[in-house]
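Report on the structure given below.
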Amino acid sequence: MDKIWTVIPAGGRGQRFGSAQAKQYQSLLGRPVLAHAIAPFLGEERIAGVQLVLPGEDLATGVWHQLLGAVADRLLPPVVGGAERADSVRLGLEALLAQGALGQDWVLVHDAARPCLRSQDLHALLDALPESPQGALLAVPVADTLKREEAGHSLGTVDRHHLWRALTPQAFPLGSLLSALTHAKKQALPITDEASAMEQEGWRPRLIRGHSDNLKITYPDDLELAAAILAAREMGGAA
């Protein structure tokens with residue numbers, strides 16, 4: 001099988017988090033959120049390398065290295081990100097190609113603010129790649145009742161059958177994903193995740209069922225929930 005790489009876009013500041021420090025650097029059980037997000041990939045022998053994409057200021061000052069400590073030394077040389085998440089992912093893919101990755105290699109894209117990825121979910125995604133030529137992503141079926149809103153009032157209930165919540169990592173052939181993101185930028189297409197870029201190209205990626213505790217840190221309260229998840233996992237010995 002071709003090599004498998006990981007890109008972690010960490011170029012955002014997390015405006016909704018409401019802190020002067022970027023949410024990926026917030027302390028979570030004594031380590032930055034970003035260190036937790038990176039850990040599953042560094043511990044997976046099938047991953048050839050991890051490409052971090054950072055704000056230019058963080059790269060210039062070296063604050064990322066200071067905060068990540070020993071973890072930083074196990075990463076590929078980081079690169080500066082772009083204005084939007086999709087731009088940062090694209091720049092990360094280009095950096096991988098410049099460092100010897102091939103277009104047919106697989107790349108996993110994972111959110112820097114998702115510190116609770118289970119190793120078993122990562123393994124399930126990797127195991128699925130040989131039978132997923134159009135890519136694959138972790139996801140969970142929507143469990144809550146969904147409402148359609150207008151002016152703060154419910155207009156009706158949305159059928160949740162066949163609806164899933166997209167998580168990360170998301171996996172695609174490197175060259176194909178780069179082409180899709182480049183095309184989307186040129187056409188000013190709305191891209192919310194890597195799968196949406198590929199879907200614009202007609203791809204139908206496979207959904208690999210993950211766990212809902214693979215949460216994304218968006219608000220300060222999410223840090224408390226992530227801490228509880230990780231602490232319970234450590235006590236229970238869950239992967």
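Just so it is clear, none of the values below were taken in a lab; they were calculated from the coordinates. Since the structure is predicted, the reported quantities are computational estimates derived from the model, not experimental observations. Please note: Cβ atoms are built from the backbone with ideal geometry, for glycine as well, and neighbour counts cover all protein chains shown.
Which of the peptides 4-11, 181-188, 118-125 is most tightly packed, and how do the rest follow, judged by the mean count of other Cβ atoms within 10 Å per residue?
4-11, 118-125, 181-188
If packing is taken as the mean number of other Cβ atoms within 10 Å per residue, what is the order of 217-225, 192-200, highest first? Spell out each step's value before the answer.
On the way: 217-225: 15.0, 192-200: 20.3.
So the peptides 217-225, 192-200, ranked by packing, come out 192-200, 217-225.
Sum up the charges of everything whose Cβ sits under 9 Å from the Cβ of Val109, counting Lys and Arg as +1 and Asp and Glu as -1, but leave Val109 out.
Counting the neighbours of Val109, the net charge comes to -3.
Name the long-range amide H neighbours of Gly103: under 5 Å, sequence gap of 5 or more, or other chain; modelled H, no Pro or chain starts.
Hits under the 5 Å cutoff: none.
Please tell me the relative contact order of the chain in percent, rounded to the nearest whole number, where contacts are Cα pairs under 8 Å and at least six residues apart.
Answer for the chain is 24 percent.
Check cross-link reach from Lys185 to the lysines: straight Cα distance under 27 Å, and skip same-chain residues fewer than eight apart.
Answer for Lys185, where 27 Å is the Cα cut-off: Lys3, Lys23, Lys216, listed by chain and number.
Please list, in order along region 219-233, the HN-Hα scalar couplings obtained from phi with the Karplus expression 6.51 cos²θ - 1.76 cosθ + 1.60 (θ = phi - 60°), rounded to whole Hz, x for Gly and Pro.
Coupling constants for region 219-233: 10, x, 4, 5, 5, 5, 5, 4, 4, 5, 4, 5, 5, 5, 5 Hz.
Hey, what do the phi angles of region 146-154 turn into as Karplus ³J(HN,Hα) couplings, whole Hz, using 6.51/-1.76/1.60 and θ = phi - 60°, x for Gly and Pro?
For region 146-154, the Karplus curve yields 9, 10, 8, 10, 8, 6, x, 10, 7 Hz.
Grab the DSSP H runs of the chain that are 4 residues or longer, score each as -39,500 (n - 2.57), total them, divide by all residues and round the 222 nm result to the nearest 500 deg cm²/dmol.
It comes out at -10500 deg cm²/dmol, rounded to the nearest 500.
Taking H as built 1.01 Å from N, whose amide H comes closer than 5 Å to the amide H of Trp5, not counting residues under 5 places away?
Amide H to amide H, under 5 Å and 5 or more residues apart or across chains, Trp5 pairs with Ala48, Trp106, Val107, Leu108.
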